[in-house]
Amino acid sequence: MRRVEIIANIASGSVGPDAPAIAERILAEHGVAGTVHTPGDDLSACLRSVIDSDPDAVFIIAGDGTARAAAEMSGPDGPPIAPLPGGTMNMLPRAFYGERSWPEAMEACLTEGAPRMVSGGEVAGRQFFVAAILGSPALWADAREAARAGKISLTLSRAHRAFRQAFSGRLRFTLDGRPKQKTQALALMCPLVSTVLDEDERALEAAALDPSNAIEIFRLGVSALGGTWRDDPSVSMGRCRVGRVWAGGRIPAILDGEPIRLEPEVHIRFRPKAFRAFALPEPP
C-alpha cells in the first residue's frame with residue numbers, strides 16, 4: 001500500500017481534536033504516504049474529492065452517517081473504505097474491527113488489512129451495509145440524537161412522541177412477491193452481521209416486529225438482551241431480495257445507525273456487490 005487518504009471528523013463522537021496528528025503519526029510509522037482531511041460543512045464534496053483521487057484506501061474516522069456515505073459513494077469499483085470507529089454506535093466499524101479503538105483498528109488495517117467485497121441492502125435508493133429499521137420504533141433514534149447533543153427538553157419531547165406513536169400506524173409490506181403483511185416495524189439485516197445468513201448468501205434477513213402492546217415491547221426488549229429475540233412470538237422471520245413497504249405517511253427509518261425519513265412508499269433490494277471494505281482477515 002503506497003497511499004492512504006484519511007477523513008477525520010474531529011467533531012464526531014469519539015474522534016477528538018488530536019485525531020489528525022495521531023493518524024499522521026501512524027501513517028509515518030508504517031511508511032505509508034497520505035493526507036489527513038478534516039472536512040468542514042461540505043462533507044460530501046470532501047468525500048467525493050478524496051475518492052476520486054483513487055488512493056489505495058480511504059480511512060474514515062467519523063460517525064455512522066459518514067461511514068455509510070463513504071461506502072455508498074465509493075461503491076464496488078472505487079477505492080476500498082476502512083470505516084474506523086469514530087461515532088457513538090459505530091455499527092459498520094464494529095462489524096469489521098470489533099471493539100478496537102480507531103487507532104488500534106487503523107494499525108491493524110495497515111499491518112494485516114486487505115480489500116474485500118461487501119454486500120448490502122438498499123431502501124429508496126439509499127444503501128445500508130449492516131441493518132435498517134423501518135417503522136415507528138425508529139423514532140427513538142431522534143430522541144437519542146437530541147440526547148447526544150445535550151438537549152434535555154428536546155430529548156424528552158421526542159421520547160414522548162416516540163412512545164405516543166408506537167402503535168399509531170402500521171407498515172404494509174411484501175417481500176419477494178409473497179402475500180402482503182402488516183407490522184409495526186420491519187428490520188433488514190445484511191449478511192455482514194446476520195447470524196442466520198452465510199456471508200456470501202445473496203439475500204437480506206428480514207424480521208417483522210409486531211408487538212401489540214407495551215408488555216410485548218418489554219418482553220421483546222428482554223429477549224433482545226438475551227440474544228433470543230428471533231424466538232419471540234411477535235417476530236416473524238424471512239429472507240428478502242426485493243420488496244416494497246408502504247404506510248399512511250412518511251416512514252421513519254434508521255440506516256446503519258443514521259435516522260432518516262422516507263417517502264410513504266419505498267422499495268427494497270439486496271445488493272450483492274455494494275462496496276469494497278478494507279477489512280481484517282479474521283472477523284471480530
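Data table
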{"item": "Interchain or long-range residues, amide H under 5 Å from residue 262's placed H", "result": "251, 253"}
{"item": "Estimated inter-spin distance, residue 11 and residue 198, nm [label 7 Å along Cα→Cβ]", "result": "4.6"}
{"item": "Under Karplus coefficients 6.51, -1.76 and 1.60, residue-wise ³J(HN,Hα) of the stretch 255-270 in Hz, glycine/proline x", "result": "10, 6, x, 9, x, 9, 10, 10, 5, x, 9, 9, 10, 10, 8, 8"}
{"item": "Mean Cβ count within 10 Å, highest first, over the residues of peptides 32-39, 176-183, 80-87", "result": "80-87, 32-39, 176-183"}
{"item": "Residue 56-residue 111 FRET efficiency (beta carbon distance; Förster radius 22 Å; 0.05 resolution)", "result": "0.95"}
{"item": "Peptides ranked, highest mean first, by Cβ atoms within 10 Å: ranges 184-192, 247-255", "result": "184-192, 247-255"}
{"item": "Built amide H within the under 5 Å cut-off of residue 203, gap 5+", "result": "none"}
{"item": "Relative contact order, percent, the stretch 40-107 [alpha-carbon distance under 8 Å, six or more residues apart]", "result": "30"}
{"item": "Contour excess over end-to-end distance, with Cα ends at residue 269 and residue 42 and 0.36 nm allotted per residue", "result": "78.8 nm"}
{"item": "The stretch 1-84 shape via C-alpha gyration tensor axes, a/c threshold 1.5", "result": "oblate"}
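Throughout, read-outs are computed from the coordinates displayed, never taken from laboratory work. Just so you know, these numbers come straight off a predicted model, no measurement behind them. Counting neighbours? That spans all protein chains shown, and the Cβs are built from the backbone with ideal geometry, glycine included.
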